[in-house]
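Report on the following structure.
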Amino acid sequence: MEAVLLNYITQLTHEQLDTPLTVDDDLLGSGILDSIGMMKLVSFIETELSMVIPPEDILIENFMTVKHIITYLKTT
Amino acid sequence: MDFSWSTTQLAYKAKIISFAEANFSESFIKEDQEATFTRANWEKCAAFGLLGLSTTTAYGGATDKVDILTSTIAMEGLGYACKDNGLPFALNAQMWTVQYPILEFGSEAQKKKYLPKMCSGEWIGCHGLTEPNAGSDVFSMEMTATKVNGGYLLNGTKQHITMAPVADVFLIFAKTNPKLGAWGISVFIVDKNTKGLTIGKNRPKMGLRTVPFGNLTFKDCFIADTNRLGKEGAGWAITNSSLEYDRCTILAGQLGAMEKQLEDTIAFVKNRKQYNKPISQFQAISHRVADMRLRLETSRLLLQKVAWLKSEGKPATLESAMLKLQLSESFVASSLDAIRCNGGRGYITEHGVERDLRDAVGSIIYAGTSDIQKNIIAKLLGL
């Protein structure tokens, strides 16, 4: 799951990151993901990983980094 | 692929058209000119059950599960038969940007307190997001909610808020953690008589004049923890959760108005004679009407696709941006064509043709301008 998410988010940024994305990079605060990027990521997780993300769970505490996302997805 | 409606849905649309023709077929010219909101009409819609479409029966709503397809066709019917374009707009603004977020994110106590009274028309709700310095870039808002013992202190100003001057309940977005940008925004349910809240007067505008717009000012306005909607930082999710439902239904009302506009235009050009023949026989006229029909059909197809995607629980970010862009711009273009087809008659207020154009212009601005929709489409195409 980690590699899949890192790869997809890197694609979303059009590979314009200065350094390879890591699981600890701040996706939201650093602007790696904007609003539309976030919508695409949620859609990707629901479609490709067959998981349902309730709107009330779309919070920074669940999506700040890839590590946060993985932790959140494991608890759902 | 099947975009057909069920017999139940079509029967419901027919029932709404009959209801609207019986109650809202007057001209509304006086209300439009004087920028008057008619609460009695709002209450008629509530009594008919329209305000329950975005809420479940447990909280005074219409059905056990919110049905976006039925809601969409219902609003198409209302838009078709109601001479006041503002009424469907205002109803949908409450239903999808106030009631639906409370239904989705609210505590049991919040749902029980607010939803039945909004469904019944006793209370009117409005959605406070836009600010003087935060329009398209809405998440750069300046309004703050500072944590204090037992709640929050709200400070700031909201601008151009639909129904604010007549509302009883206000869904207010404010920063609880300014460092987090869009992810530090929370939502609060504010009651009308809360100390520190000042409700501005109606600000008359170009179109949709029967819908009051106003400003809201908050000065050390204390809101209890129990009136925060959802978790801290849920503002972005709350906005996005209802956005596509809001798009479908508000635009469905406009689609209904476009259908009626086309029918009226066809009837007029077939009857109006110049140079000893109906003006419909001049291609300058008939081509305009053909363009109006094409805009209606393309808008309808996009609307039905978005409503269908949402009914299937699927994302529709790209499709809803295209829908908003296409339908709102089409309504403007077709309204201008309707005036051209009507000639001088279309320019005179008493005939009820020119109002559509004034009402339509609002739709290319509110809830994401046409330029913002193009930005979204381009971004989703990887540009």
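Read-outs throughout are calculated quantities, based only on the coordinates presented, and are distinct from any laboratory measurement. Worth saying up front: this structure is predicted, and the values here are computed from it rather than measured. Positions of Cβ are generated from backbone atoms using ideal geometry, with glycine treated the same way; all protein chains shown enter the neighbour counts.
List of remarks:
- Long-range tail of P(r) for chain B (Cα pairs > 25 Å, %): 55 percent
- Principal-axis analysis of the Cα atoms of chain B puts helix B:108-119 at an angle of about 30° to the longest axis.
- Chain B: angle of helix B:370-380 to the longest principal axis, Cα-based, in degrees nearest 10: 70 degrees
- Across region B:55-104, Cα pairs under 8 Å and at least six residues apart give a relative contact order of 30 percent.
- Each pair of Cα atoms in region B:1-153 enters the Kirkwood radius, and Stokes-Einstein at 37 °C and 0.692 mPa s then converts it into a translational diffusion coefficient of 190 µm²/s.
- With 0.36 nm allotted per residue and the present C-alpha distance subtracted, the B:L336-B:A267 stretch has 23.2 nm of extension available.
- For the pair B:K314 and B:D137, the difference between a 0.36 nm per residue extended length and the Cα-Cα distance amounts to 61.1 nm.
- Rg(Cα)/(2.2 N^0.38 Å) for region A:23-75, N = residue count: 1.03
- Our coupling estimate for region A:36-50, obtained by passing each phi through the Karplus curve with A = 6.51, B = -1.76, C = 1.60 and θ = phi - 60°, is 5, x, 5, 4, 5, 5, 4, 4, 4, 4, 5, 7, 7, 9, 6 Hz, Gly and Pro reported as x.
- Size of region B:250-383: Rg and Dmax of its alpha carbons, in Å, are 16.6, 56.
- Backbone N within region A:37-76 under 13 Å of label point (7 Å from B:N240 Cα along the Cβ vector): A:37-46, A:53-64
- Simple spin-label estimate for A:T76 and A:E56 gives 1.4 nm between the two label positions (7 Å along the Cα-to-Cβ direction from each Cα).
- Taking a straight line from the alpha carbon of B:K270, these lysines sit under 20 Å away, with near neighbours fewer than eight places off in the same chain left out: B:K260.
- Principal-axis analysis of the Cα atoms of chain B puts helix B:68-81 at an angle of about 50° to the longest axis.
- Projecting label points 7 angstrom from Cα along Cα→Cβ for A:I36 and B:K277 puts them 4.9 nm apart.
- Alpha carbon convex hull of the protein assembly as shown, projected area averaged over orientations, nm²: 23.0 nm²
- Extending 7 Å from Cα along the Cβ direction at A:N7 and again at B:K15 yields two label points whose distance is 5.2 nm.
- Averaged over the residues of B:371-381, the number of partner chain Cβ atoms lying within 10 Å of the residue Cβ comes to 1.
- Per-residue ³J(HN,Hα) for region B:301-316, Karplus 6.51 cos²θ - 1.76 cosθ + 1.60, θ = phi - 60°, Hz, x for Gly and Pro: 5, 5, 4, 5, 5, 5, 4, 5, 4, 5, 5, 8, x, 9, x, 9
- Cross-link reach list, aspartates and glutamates versus B:K179, counting only Cα pairs under 19 Å and skipping chain neighbours closer than eight places: A:D24, A:D25, A:D26, A:D34, A:E61, B:E131, B:D137, B:E142, B:E232
- Region B:331-357 and region B:50-121 have Cα centres separated by 31 Å.
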